[in-house]
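Working notes for the structure below.
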Amino acid sequence: MKRMLKVCASVLALAAGAAGVPAMAHADWLEDAAKPLKGTEISGIFLDRPGYRAIIKLLPEFEKKTGIKVNYEIVPYENTREKEVLNFTSKGDLTMALVDLVWIGEFAENGWIDPIDNFTKDKSITDPNLKLDGFFPLLLDAFGSWGGKTYGLPFDNYSGLMFYNSCKLKDAGFDKPPATWDELMKVYAPKLTDASKNQYAFALQSLRGETQSADSFMRMLWPFGGSLLDKQFKSNLMSKESQTGLNFRQDLMKYMPPGIVSFDHAESVNALAQGQVAMITEWSAFYGTLVDPATSKLGDCLAVAPEPAGPAGRLPALGGFSLAVAAQASDEQKKATWLFIQWATSEDIAKAYVEAGGVSGRMSVYNDPAIKAKYKFVEPMVASWQKGVPEFRPRFPAWPAISEVIAEWGSKMMLGEVSVEAGSKEIGTRMEDILKKEGYYDGKKPLLQ
């Protein structure tokens, strides 16, 4: 199922053409580009997460330089797609799309977002130091590209990491985290679990919804060599590898807190932060919560590593967003929005963005010795982004409907209401019905995910 990471030839040409741009020309480009757009208002949706709080903190700098007003509404993630889709289908006021990894196919195929080629061909509004090859290739491909075209630039990107309490591990006789999932369960988990003291080895956030489908169910497929779909877009859940991964999850539950199926991200992170569990696999974005004394008791005991490897290698969870220009915006708004997107994802502000609590998709910022020294998550995250699966969750328009099916039956599996085998068959049948109606089996749609 893995695809080679590809960046369009036009993207590479653009990146190469930007090399060697004089510093002075680059320093002035944003102000010059924005002069005809002064007073333009643009609008988008932000989430109540560290990456968005970070860009909001830096926003006055952009508005002062450009005279462009950035309006934003903070919306819960669970409501964001619905709100954006309604806005785009009713020709609303959003000029910028916040595109989750799994929405890129839907937004692109419906024509709600413009490919960046529409803007990069106009040098007057394009950063001469845009350097698209400065993004991690995995991120640009997974978050911003669809069908051979680039639509958005990576923003607020996450890697699944292992956060752990090094003090608990040391007390149990371990001087490093488990390298593999098998080692976690067979060697570490028994020594780190004492139910009589409400102490558990691991917490896997599994609340019904996208958390169950993406963060729990899919996390156990790829490392074990499984996948949701085969090359013909038929269910691959009954393969030996997929069944091994899903049964592993069931077996691991005895080392997790009771009620783990009701744990969302906040509960999982809090369980580690307050000392109930020794290890979690969570998004890199939660690092700030775990180092904050106001929300975490870990202190110097917090440590970070890449997610454990499975029989198929280390294939961690991949999540996050891109920013794209909304097709419904006016020409002036599109130009102004493109300026903002370039600035928000640029190398110029990457360090300030990270220091304000964000996670940049730019490679160069993580070579900064000060950044590597200050943030424990950087090296494991960079290691995770060297290799991964762009379609960790399928990015086609059918995903939201399939996600609901997985959330329902994946939860039933964990609760013991159905067996792994029966639940997998049910998901497969319902998923193939959805894909058939979407036109994937009669040639109406290309098999892109």
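The values are calculated or read from the model by the stated rules, or taken from the named source; none is laboratory data. Since we're looking at a predicted model, the values are computed, not measured. Virtual Cβ from ideal backbone geometry, glycine too; neighbours counted across all protein chains shown. Note: accessible area is taken over every heavy atom of the protein model, side chains too, but ligands, DNA and RNA are not part of it. Shrake-Rupley method; radii C 1.70, N 1.55, O 1.52, S 1.80 Å.
Identify, from the list Tyr200, Tyr188, the residue that is at pLDDT 95 or above and assigned to a helix (DSSP H, G or I).
Residue meeting the stated conditions: Tyr188.
The rows are residues; the columns are (1) at pLDDT 95 or above; (2) within 17 Å of Glu391 (Cα to Cα); (3) touching a strand residue (DSSP E or B) at 6+ places or on another chain (Cβ under 7 Å); (4) among the small types (Gly, Ala, Ser).
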site: Ser145; (1), (2), (3), (4): no, yes, no, yes
site: Tyr151; (1), (2), (3), (4): yes, yes, yes, no
site: Pro154; (1), (2), (3), (4): yes, yes, yes, no
site: Asp171; (1), (2), (3), (4): yes, no, no, no
site: Leu192; (1), (2), (3), (4): yes, no, yes, no
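Test Gly92 against the stated conditions and say whether it is within 15 Å of Ala329 (Cα to Cα) and open to solvent by 10 Å² or more (accessible area, probe 1.4 Å).
When the stated conditions are applied, Gly92 passes them.
For the condition of a type in the set (S, T, N, Q), farther than 30 Å from Tyr287 by Cβ and open to solvent by 20 Å² or more (accessible area, probe 1.4 Å), what is the one hit in Asn118, Asn71? Show your work before the answer.
Values: Asn71 fails: farther than 30 Å from Tyr287 by Cβ.
So the residue among Asn118, Asn71 that is of a type in the set (S, T, N, Q), farther than 30 Å from Tyr287 by Cβ and open to solvent by 20 Å² or more (accessible area, probe 1.4 Å) is Asn118.
So which pairs qualify, if the first residue must be in the stretch 413-426 and closer than 11 Å to Gln243 by Cα, the second must be among the hydroxyl-bearing types (Ser, Thr, Tyr) and open to solvent by less than 60 Å² (accessible area, probe 1.4 Å), the Cβ gap must be under 8 Å, and the two must be at least 6 apart or on different chains?
Ser424/Ser235; Ser424/Ser242
Out of (1) out of contact with any Lys or Arg (no Cβ under 8 Å at 6 or more places or on another chain); (2) part of a helix (DSSP H, G or I), what's the single condition that is false for Pro397?
The single condition Pro397 does not satisfy is (2).
Quick check on my filter: what residues within the stretch 95-110 are open to solvent by less than 70 Å² (accessible area, probe 1.4 Å) and not aliphatic (A, V, I, L, M)?
Answer for the stretch 95-110, where residues must be open to solvent by less than 70 Å² (accessible area, probe 1.4 Å) and not aliphatic (A, V, I, L, M): Thr95, Asp100, Trp103, Gly105, Glu106, Phe107.
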